[in-house]
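Read through the structure below, which is laid out as structure tokens, and then see the notes.
The values are calculated or read from the model by the stated rules, or taken from the named source; none is laboratory data. These numbers were taken from a predicted model, which means no experiment stands behind them. Because the Cβ atoms are built from the backbone with ideal geometry, glycine has one as well, and the counts that use them run over all protein chains shown. The accessibility values were calculated without ligands, DNA or RNA, using every heavy atom of the protein model including side chains. Shrake-Rupley method; radii C 1.70, N 1.55, O 1.52, S 1.80 Å.
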Amino acid sequence: MRGILHAPTYTTAIVGTIVLALLVQVVEFMCTSGFPALFTRILTLRQLDTASYYGYLLLYNAAYMLDDIIVLGIGVTLLSRHRLQEKEGRALKLLAGLVMIGLGIYLLLDG
């Protein structure tokens, strides 16, 4: 991330951002592909007409993206009004780390 932020040219920054986004998507796809596969299999077994099938897929995608759209909207709104200071950035990193540790503990204890 620091390398992208301090890239010598915009082209380098854009290419770095695209590569980072693709890598994140690959990891996210591996973590979240089970439920969509199950959902589409259930729709296939129901033998719905074409409009209903694609309607349910559209509804699923809208629900799946809703939280992302809300978080993006909040982030864009807040960051357009106020740039994070170093202290706030550190607090955000700490919070993100604590959430990851909490999720890891939950997964270890739940399994």
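The share of alpha-carbon pairs in region 7-56 lying farther apart than 17 Å comes to 58%. Please find the FRET efficiency linking Val99 to Tyr60, where r is the Cβ-Cβ separation and R0 is fixed at 30 Å, and quote it to the nearest 0.05. So the FRET efficiency works out to roughly 0.70. Along the chain, the exposed loop sites are trypsin sites (Lys or Arg not before Pro) outside DSSP states H, G, I, E and B with at most 12 other Cβ atoms within 10 Å, and the longest stretch free of them is 1-45.
Helices in the chain, meaning DSSP H runs of at least 4 residues, each add -39500 (n - 2.57). Divided by all residues, the mean residue ellipticity at 222 nm is -29500 deg cm²/dmol.
Note on Arg2 and Ile74: with the Förster distance fixed at 30 Å, the Cβ-Cβ geometry gives a FRET efficiency of about 0.75. Taking only the C-alpha atoms of region 35-87, Rg followed by Dmax gives 18.0, 55 Å. Shown for the chain are the DSSP H helices of 20 Å or more along their axis, judged by Cα atoms, with a mean Kyte-Doolittle hydropathy of at least 0.0: 10-32, 50-81, 86-110. When restricted to Cα atoms, the chain yields an Rg and a Dmax of 19.3, 55 Å, respectively.
Applying 0.36 nm per residue to the separation of Lys87 and Gln25 and subtracting their alpha-carbon distance, the gain on full extension is 19.4 nm. The 1.4 Å probe gives accessible areas that order His6, His82, largest first, as His6, His82. Taken about its Cα centre, the chain carries a charge dipole of roughly 320 debye when the Cβ of each Lys and Arg holds +1 and the Cβ of each Asp and Glu holds -1.
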